[in-house]
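The structure appears below as C-alpha cells.
The values are calculated or read from the model by the stated rules, or taken from the named source; none is laboratory data. Predicted model only: the values in this text are computed from it and were never measured. Backbone-built Cβ (ideal geometry, glycine too); neighbour counts: all protein chains shown.
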Amino acid sequence: MAEEVVRVARPTMADIADHLGISRPLVSIVLRNAPGASEQTRQRVLRAARELGYTPHQGARSLRQSRSRHLGVTFVPAHASEPEIIESVYAAAAGHGYQVLLSVQTPARDQHQTVEELLSYRCAAILALGSELTHAQLKALADRAGVPTVLVGTGHRNASYDVVHSDGQHGIAQAVEHLAGLGHRHLAYLHCPTLPAAAERLRGFTSAAARAGLHGRVVEVRELGYTEEAGSEAARRLLAGTPLPTALVAGNDQQAIGAMWVLARAGVSIPEQLSVTGYDDTRFARLSAVDLTTASQDTVALGQRAVTAAVRRIEQPGLPPRCIPVEPRLIIRSSTGPPPGGS
C-alpha cells in the first residue's frame, strides 16, 4: 500500500492574525516594517511569527513590489573561480538591499536558457559570469532582457551592457616579469583559444616577453578547453620536444595544475627544473601540495563592482554602461624559482 504523503501548509499572515485576534492588514504592516502599528503590537506579531514558524513568500512579495529586489546571476560551475565571485555578489547585493537568484549553465542548458529563467522571476538585473558568448550574442541577450546586464570576467566597453573584468593582460605580464627577474630566458605559454579571456592573456604574455627580450613559445591546446586536461596535454607536448623551457605560464590555474601533474609523473622537479605559474588564485592553487604562483584576480572586488554596476543602472536607467577593470595581483608561491643552472 502506498504511503500517504501529508503536506503541511506553511503558516500565513492570516494564521498570525487569527492566533492573535487582530486584523490581517495590521499583521502585514508589522511584517513589512511599515508605520501604523504600536510597538507593543509589533512585538506581539513578531513573536507570534517566530512561534508559528512563519517565513515570507518571496515570490509573492516580488509580484507585489513595483520594482524587483532580485539580481539574477548566470554562471558555469566548472569555472573554478566563480563560486568565490558569487560569494562576493551575495554580500554586496545584501548591502544594497537586494537578493540573489542563481541559474546554472550546463551542457544541456545554455546561457540563453538561464537568462530566460532569471527573467521569469522578474530580476531587476542580470549578471553573467564567465560568458563565452560573442559581443553580438551578448548584445542581443541584453536587448532581450530589457534590464541592466553586467558581464563579469572579460570584455570591452560597449553601449549595451556593463563589463567588469580582471585585467588579464596585466596579470600575465606580472608573471612573465617575475620569471624574468628570477633569470628565466626560455618560457612557454599555454594558450587555450576557448577561454573567454584568452586573447587578452596571450597579449600579456607576448608583449611582456618581447619587452624583457625573452624567448617565448606558445603551446596552443584548442580542443580541451580551459581544463586540467588541457594543461596535461600541453605538458606532454613540451616533454616530447627538446629542450624543455625553464618556465611555463598557464592561462588559468586549472591548466597549470594539469601540467604540473604530468610534469611531476615524468620526473620533472618543480621549480628546480621548470617553474609554473597560473591565473585566478583559486582554492586549488593554495593547496600545500600545489602552492602555485598565480595572478589573483580579486574575486571580492569583481563581485562587489558587478553588483555596484547593476544597481547604478537599476536606480538610474538613463546612465550608459561602463567598463570597469579590476587589477590582479601576483601571488608568489613555491612553484617558481630560479632556472636550472641559474641561466
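Return the residue satisfying two criteria in turn: it lies in region 20-56 and is more than 39 Å from the chain's Cα centre (by Cα) and in a loop (DSSP other than H, G, I, E, B), and of such residues it is surrounded by the most Cβ atoms within 10 Å (Cβ to Cβ).
Step by step, filter region 20-56, then rank; the result is 37.
Any idea which residue in region 1-19 is surrounded by the most Cβ atoms within 10 Å (Cβ to Cβ), counting only those that are modelled with pLDDT under 75 and of a type outside the set (Asp, Glu)? Break it down stepwise before answering.
Start the filter on region 1-19 by keeping residues that are modelled with pLDDT under 75, which leaves 1-10.
Imposing the further condition that a residue be of a type outside the set (Asp, Glu) reduces the set to 1-2, 5-10.
Working: 1: 3, 2: 4, 5: 5, 6: 5, 7: 5, 8: 6, 9: 6, 10: 11.
Among residues in region 1-19 that are modelled with pLDDT under 75 and of a type outside the set (Asp, Glu), the one surrounded by the most Cβ atoms within 10 Å (Cβ to Cβ) is 10.
Kindly provide the set of residues from region 101-148 that are out of contact with any Lys or Arg (no Cβ under 9 Å at 6 or more places or on another chain), of a type in the set (S, T, N, Q) and not in a helix (DSSP H, G or I), ordered by number.
If the condition is that a residue be out of contact with any Lys or Arg (no Cβ under 9 Å at 6 or more places or on another chain), of a type in the set (S, T, N, Q) and not in a helix (DSSP H, G or I), then 105, 106, 131, 134 are the ones that fit.
Among the residues of region 116-129, which ones are touching a helix residue (DSSP H, G or I) at 6+ places or on another chain (Cβ under 8 Å) and either in the same structural domain as residue 226 (by TED's automatic domain parsing) or surrounded by fewer than 23 Cβ atoms within 10 Å (Cβ to Cβ) (or both)?
119, 121, 122, 124
Please state which of the following conditions residue 235 fails to meet, knowing it meets all the rest: (1) buried (at least 20 other Cβ atoms within 10 Å of the Cβ); (2) at pLDDT below 90.
For residue 235, the exception is condition (2).
Take residue 66 and tell me if it is part of a helix (DSSP H, G or I), of a type in the set (S, T, N, Q) and at pLDDT below 90.
Values: part of a helix (DSSP H, G or I): no; of a type in the set (S, T, N, Q): yes; at pLDDT below 90: yes.
So residue 66 fails the test.
So, in region 150-161, exactly how many residues are over 15 Å from the mean Cα position of the chain (by Cα) and either hydroxyl-bearing (Ser, Thr, Tyr) or closer than 21 Å to residue 116 by Cα (or both)?
Residues flagged as over 15 Å from the mean Cα position of the chain (by Cα) and either hydroxyl-bearing (Ser, Thr, Tyr) or closer than 21 Å to residue 116 by Cα (or both) within region 150-161 amount to 2.
Has region 263-278 got at least one residue that is among the β-branched types (Val, Ile, Thr) and within 26 Å of the chain's Cα centre (by Cα)? Give the steps one after another, and end with the answer.
Our first condition is that a residue be among the β-branched types (Val, Ile, Thr); within region 263-278, this holds for 268, 270, 276-277.
From what's left, within 26 Å of the chain's Cα centre (by Cα): 276-277.
Yes: one or more hits.
Would you mind finding the one in 265, 201 that is in the same structural domain as residue 180 (by TED's automatic domain parsing) and without any contact (Cβ under 8 Å) to a residue 60 or more places away in the chain? Quick ask: steps written out before the conclusion?
Details: 201 fails: without any contact (Cβ under 8 Å) to a residue 60 or more places away in the chain.
Result: 265 is the single residue among 265, 201 that is in the same structural domain as residue 180 (by TED's automatic domain parsing) and without any contact (Cβ under 8 Å) to a residue 60 or more places away in the chain.
Out of all the residues in region 175-194, which are touching a residue at least 40 places away in the same chain (Cβ under 8 Å), within 29 Å of the chain's Cα centre (by Cα) and surrounded by fewer than 24 Cβ atoms within 10 Å (Cβ to Cβ)?
Those that are touching a residue at least 40 places away in the same chain (Cβ under 8 Å), within 29 Å of the chain's Cα centre (by Cα) and surrounded by fewer than 24 Cβ atoms within 10 Å (Cβ to Cβ): 178, 191, 194.
Does residue 157 count as outside any helix (DSSP H, G or I), over 15 Å from residue 196 (Cβ atoms) and either without any contact (Cβ under 8 Å) to a residue 24 or more places away in the chain or in the same structural domain as residue 323 (by TED's automatic domain parsing) (or both)?
On the way: outside any helix (DSSP H, G or I): yes; over 15 Å from residue 196 (Cβ atoms): yes; either without any contact (Cβ under 8 Å) to a residue 24 or more places away in the chain or in the same structural domain as residue 323 (by TED's automatic domain parsing) (or both): yes.
Here the answer is yes, as residue 157 does meet what is asked.
What number of residues within region 77-100 satisfy the criterion of being assigned to a helix (DSSP H, G or I) and touching a Leu at 6+ places or on another chain (Cβ under 8 Å)?
6
Give the residue, chosen from 225, 251, that is at positive phi and touching a Cys at 6+ places or on another chain (Cβ under 8 Å).
225
Scanning for something within 22 Å of residue 293 (Cα to Cα) and among the polar types (S, T, N, Q), does region 187-194 turn up at least one residue?
Among the residues of region 187-194, not one is within 22 Å of residue 293 (Cα to Cα) and among the polar types (S, T, N, Q), which makes the answer no.
Please tell me if residue 271 is in contact with a His (Cβ under 6 Å, 6 or more places away or on another chain) and part of a loop (DSSP other than H, G, I, E, B).
When the stated conditions are applied, residue 271 does not pass them.
Identify, from the list 307, 276, 300, the residue that is over 22 Å from residue 192 (Cβ atoms), touching a helix residue (DSSP H, G or I) at 6+ places or on another chain (Cβ under 6 Å) and either basic (Lys, Arg) or modelled with pLDDT of 95 or more (or both).
One residue alone meets the criteria, 307.
Among the residues of region 283-293, is there at least one that is crowded, with 21+ Cβ neighbours inside 10 Å and either assigned to a strand (DSSP E or B) or in the same structural domain as residue 98 (by TED's automatic domain parsing) (or both)?
yes
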